[in-house]
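A quick write-up on the structure given underneath.
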Amino acid sequence: MSAAGQLWPDATGRFGPYGGRYVPETLMAPLEELERGFAAARADAAFARRLDDLLHNFAGRPTPLQLAERLTAKLGGPRIYLKREDLLHTGAHKINNCLGQGLLAERMGKRRIIAETGAGQHGVATATVAARLGLECVVYMGTEDMERQRLNVSRMRLLGAEVVGVDAGSRTLKDAISEAMRDWVTNVRTTYYLLGSALGPHPYPLMVREFHKVIGIEARDQILRAEGRLPDLLVACVGGGSNAIGLFHAFIGDSTVRLLGVEAGGRGHALGEHAARLAGAAGYEGARPGVLHGAFTYILQTAEGQISTTHSVSAGLDYAAVGPEHAWLSGEGRAEYTAADDDAAIDAARTLARTEGIIPALESAHALAELIRRAPAMPREQVVILNLSGRGDKDMDILARYL
Amino acid sequence: MSQTTPFAASEPATTRIGRRFAELRRAGELGLVAYLTAGDPSLAASREIVLAAAQAGADVVELGVPFSDPIADGPVIQRASERALRAGTTLSDVLELVADLRRASQVPLVLFSYFNPILQMGLENFARRAAEAGADGVLVTDLTPEEAGEYRRILRGAGLDTIFLAAPTTPEERIERIAQASSGFLYLISRTGVTGQRDRLPEDLGALVERARRATALPLAVGFGIARPEHVRALVGQVDAAVVGSALVAEAARAASSADAAQAVAALILSLKSAGGRSAHP
Ligand SMILES: Cc1ncc(COP(=O)(O)O)c(C=O)c1O
């Protein structure tokens, strides 16, 4: 079966061999309940209308597809379009998924929402939606991430969420997810776990993709209107993989459109120095298929199967596993994955700020860095869409150090 | 055994676990399953503590394989896992510990792990080495029967019991399926939540036990939150065994030396075991 042929996971929640449901037994019935709840919501026209209304009038969809004229001219390569997810309410694509799952939680009668967050964007979006819907909200965040994304911690608290610092392991996203899962396993009857990327046990990777695929649906329509044809290349950063799969999904059947995911290259190729799970071909060490946080996928780990710590300047990409659908697209050769390092991302953020007047999130800056590297060698008549997944306000403490 | 059971053809020969539970049923006693994290704080200390636990009357010992991301564990076992990993403990080391223990004791041994370390060793390789070392069964916290087809086939083929868990959220028809995938005993998670000591048993435990009893004839062991003699006493006549983990691990962690830890763990096991109706093994 080709990747284009499998747009839906099989009955066991697998994309090819990846995905599945590896969780403590306590979560199995709740995951089945979630799967049923999601299926019922998808079939409910009123749910779709409500979500649509919130996406338009609360979050600000559709987002523009902007031709980056000065960046294109500077690089001298393909015409570069930016999908401006950074213009959404709360400043990143994350709100798409949070509105969808927030309404689902409400529909399933759960009044308490928990979430993990790395960069804080998912936490802010969850806190925002919880406030908008009048739900209780608890966000788990590694203490290292709380330190480097302080602005978002304050935003979540202002929005009425409780932010719980997680001091275990690497004190980053991986540990926040573990702690959120512990909360869920404990309070599962009353609590909805609003997972923030295309990760985790089935049906999360599917559900998160479905709530983000609007990015690609809009972009496909917009580029056809602007250029009269499909793009040659899509570029997106890959943490867990939600913004990337959101952009890619509508184009997966278009075999002329190349898909490029950019992971965090951190500060070196050795295990522990980066967060590149699918970019092994580019020399990044330590990723093998395994099981973490409910799914079988590519994971940065030791030979003995202990999950490795990771490093990235960008908290949202700093995670040891990748969404199972990306592992599948990579295995099938439908999408290509590579990595950009910390320094390249910082440089790319500066370049976009000065050519286009847009300060990108450090996550999005990784995608940009790879495009900046490749564009000069690409034909000028080609067309590229880059997913600008978020804005950089949250990263100003870090970016200011490089002024 | 001379009688044939309906499953005789596909079931492995009864392990030490099955034999111990049969003895307990005959004697009308509540069994005690003792969980200890292997390699906490060292393999040598684990050896000493496990042997003391067996001597004090533990009917089954569960050896926890340390894992970097133990999502089903509370703080006590998380910290134990961190200590064991800091000491460099690997799954291979734990299997060597099993072999070493087996030379000194016939206590039934269950490996208690998250799935990834086993997957990375390779299911065939793991099953063969575990069986050769003298392990009797394996319990994987983040593996349910749905994902365990190959795992079960390979482990049973090696003569190992596959123990699965049922939870308060598990409906009755699921318990049946889980019990069918299980051998040795069925592990009942007493409450929704992670491992850790609690003040009292949950009120809805009786309902879970009843569902499980209707679903299977396998021995039932109840764990998560069981820490005190009065908890054990309340389970007598309800189930076949109580599983005690965090309370033992915390006891060992407080001790100043491995000898003290072994002694403290043995003392707690003696008091729990006598609450279950029997004193130390002769
Ligand atoms: C702006 C932005 N982009 C991308 C990501 C990475 O997540 P994903 O790969 O799920 O899009 C994050 C995560 O925090 C983010 O905040």
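At 1.4 Å probe size, what's the solvent-accessible area of B:Glu147? Round to the nearest 10 Å².
B:Glu147 exposes around 30 Å² with every protein chain in place.
Put +1 on the Cβ of each Lys and Arg and -1 on the Cβ of each Asp and Glu in the stretch B:16-276; which of B:Ile49, B:Tyr151, B:Pro219 then has its Cα farthest toward the positive end of the dipole?
Working it through, the farthest residue towards the positive pole turns out to be B:Pro219.
Largest first, how would B:Glu176, A:Glu325, B:Glu150 line up by accessible area (1.4 Å probe)?
On the way: B:Glu176 80, A:Glu325 10, B:Glu150 110 Å².
These residues rank, largest area first, as B:Glu150, B:Glu176, A:Glu325.
How many nm separate the modelled label positions at A:Ala46 and A:Glu33, each set 7 Å beyond the Cα in the direction of the Cβ?
2.1 nm
Quick check on the stretch B:106-208: what does the Kirkwood estimate of hydrodynamic radius come out to from the alpha carbon pairs, in Å?
Numbers: mean 1/r = 0.0685 Å⁻¹.
Hydrodynamic radius (Kirkwood, Cα pairs) of the stretch B:106-208 is 14.6 Å.
Can you tell me the 0 to 90 degree angle between the C-alpha axis of helix A:173-187 and the longest principal axis of chain A, rounded to 10?
Long axis of A:173-187 versus the principal axis of chain A: about 20 degrees.
Round to the nearest 10 and give me the degree value, 0 to 90, for the angle of helix A:342-356's Cα axis relative to the longest principal axis of chain A.
That helix lies at roughly 70 degrees to the long axis.
What value, in deg cm²/dmol to 500, does the helix sum -39500 (n - 2.57) over DSSP H runs of n ≥ 4 give at 222 nm once divided by the residues of chain A?
Values: 15 runs with 160 residues, N = 403.
So the helix-based figure for chain A works out to -12000 deg cm²/dmol.
Equivalent-ellipsoid semi-axes (√(5λ), Cα gyration tensor) for the stretch A:18-132, whole Å, largest first? Let's see the in-between values first.
Working: eigenvalues 216, 63, 42 Å².
Output for the stretch A:18-132: semi-axes of 33, 18, 14 Å.
For A:His269, what accessible area in Å² do you get when you roll a 1.4 Å probe over the heavy atoms of the protein chains, rounding to the nearest 10?
That residue has around 90 Å² of solvent-accessible surface.
Given a Förster distance of 25 angstrom, what is the FRET efficiency for A:Glu381 paired with A:Arg132, based on the Cβ-Cβ distance and rounded to 0.05?
On the way: r = 44 Å, r/R0 = 1.77.
That gives a FRET efficiency of 0.05.
Could you tell me the accessible area of B:Ser105 in Å² (1.4 Å probe, neighbours in place), rounded to the nearest ten?
20 Å²
Could you run the Debye sum over the Cα atoms of the stretch B:1-149, one equal point scatterer each and no solvent, and tell me log10 of I(q)/I(0) at q = 0.11, 0.16, 0.18, 0.22 Å⁻¹, two decimals?
-0.44, -0.92, -1.13, -1.50
Report the far tail of the P(r) of the stretch A:69-162, meaning the percent of Cα-Cα pairs longer than 18 Å. Walk me through the intermediate numbers first.
On the way: 2183 of 4371 pairs.
Taking all Cα-Cα pairs of the stretch A:69-162, the fraction more than 18 Å apart is 50 percent.
Go from 0 up to the bin containing the longest alpha carbon distance in chain A, width 10 Å each, and give me the % of pairs per bin.
Here the calculated profile for chain A is 5, 25, 37, 25, 7, 0.
Enter the mean number of other protein chain beta carbons within 10 Å of the beta carbon of each residue in A:303-311, as an integer. Could the numbers behind the result be given before it?
Details: counts 3, 15, 14, 12, 5, 1, 1, 0, 0.
Partner Cβ neighbours, averaged per residue: 6.
Considering only lysines 8 or more places apart in sequence, or on different chains, count the pairs in the protein assembly as shown whose C-alpha atoms sit under 27 Å apart.
For the protein assembly as shown, the number of qualifying lysine pairs is 14.
How high is the FRET efficiency between A:Ser154 and B:Ala44 when r is their beta carbon distance and R₀ equals 51 Å, given to the nearest 0.05? Intermediate values should be presented prior to the final figure.
Details: r = 49 Å, r/R0 = 0.96.
Plugging the Cβ-Cβ distance into 1/(1 + (r/R0)^6) gives 0.55.
May I have the pair-distance distribution P(r) for the stretch A:124-223, computed from all Cα-Cα distances with 5 Å bins from 0 and rounded to whole percent?
2, 12, 17, 21, 21, 14, 6, 4, 1, 0
In the stretch A:294-400, how does Rg compare with the Kirkwood Rh, expressed as the Rg/Rh ratio over alpha carbon atoms?
Values: Rg = 15.7 Å, Rh = 15.5 Å.
Value, to two decimals: 1.01.
Using only Cα atoms, locate the centre of the stretch B:247-276 and the centre of the stretch A:234-289, then give the distance between them in Å, rounded to an integer.
49 Å
At 7 Å along Cα-to-Cβ for each site, give me the label-to-label distance between A:Ile217 and A:Arg350 in nm.
Calculated label separation equals 4.1 nm.
Label-point separation (nm) for A:Leu67 and B:Asp260, each offset 7 Å from Cα along Cα-to-Cβ?
So the two model labels end up 7.6 nm from each other.
Once you've got the GNM for chain A with C-alpha springs shorter than 10 Å, pick whichever of A:Thr63, A:Thr26, A:Thr126 has the biggest mean-square fluctuation.
Sorting by GNM fluctuation, first place goes to A:Thr26.
I need two numbers for the stretch A:176-292: Rg to one decimal and Dmax as a whole number, Cα atoms only, in Å.
Final numbers for Rg and Dmax: 17.1, 53 Å.
Rounding to the nearest 10 and keeping the result within 0 to 90°, find how far the Cα-based axis of helix A:28-42 lies from the longest principal axis of chain A.
Around 60 degrees separate the two axes.
Using only C-alpha atoms and all pairs of different ones, pull out the Kirkwood radius for the protein assembly as shown in Å with one decimal. Numbers along the way, then the final one.
On the way: mean 1/r = 0.0384 Å⁻¹.
One over the average 1/r among Cα pairs gives 26.1 Å for the protein assembly as shown.
Using R₀ = 30 Å, calculate the FRET efficiency as 1/(1 + (r/R₀)^6) where r is the Cβ-Cβ separation of A:Arg189 and B:Arg213; round to 0.05. If you can, show how the numbers build up before the last one.
On the way: r = 23 Å, r/R0 = 0.77.
Efficiency computed from Cβ-Cβ geometry: 0.85.
From the gyration tensor of the Cα coordinates in the stretch B:16-276, what semi-axes in whole Å does the equivalent ellipsoid have, largest first, with each one equal to sqrt(5λ)? It would help to have the intermediate numbers written out before the result.
Values: eigenvalues 117, 99, 59 Å².
Equivalent ellipsoid of the stretch B:16-276: 24, 22, 17 Å, largest first.
The values are calculated or read from the model by the stated rules, or taken from the named source; none is laboratory data. Worth saying up front: this structure is predicted, and the values here are computed from it rather than measured. Don't worry about glycine lacking a Cβ; one is built from the backbone with ideal geometry, like all the others, and counts go over all protein chains shown. Surface accessibility is based on the protein's heavy atoms, side chains included, excluding ligands, DNA and RNA. Shrake-Rupley method; radii C 1.70, N 1.55, O 1.52, S 1.80 Å.
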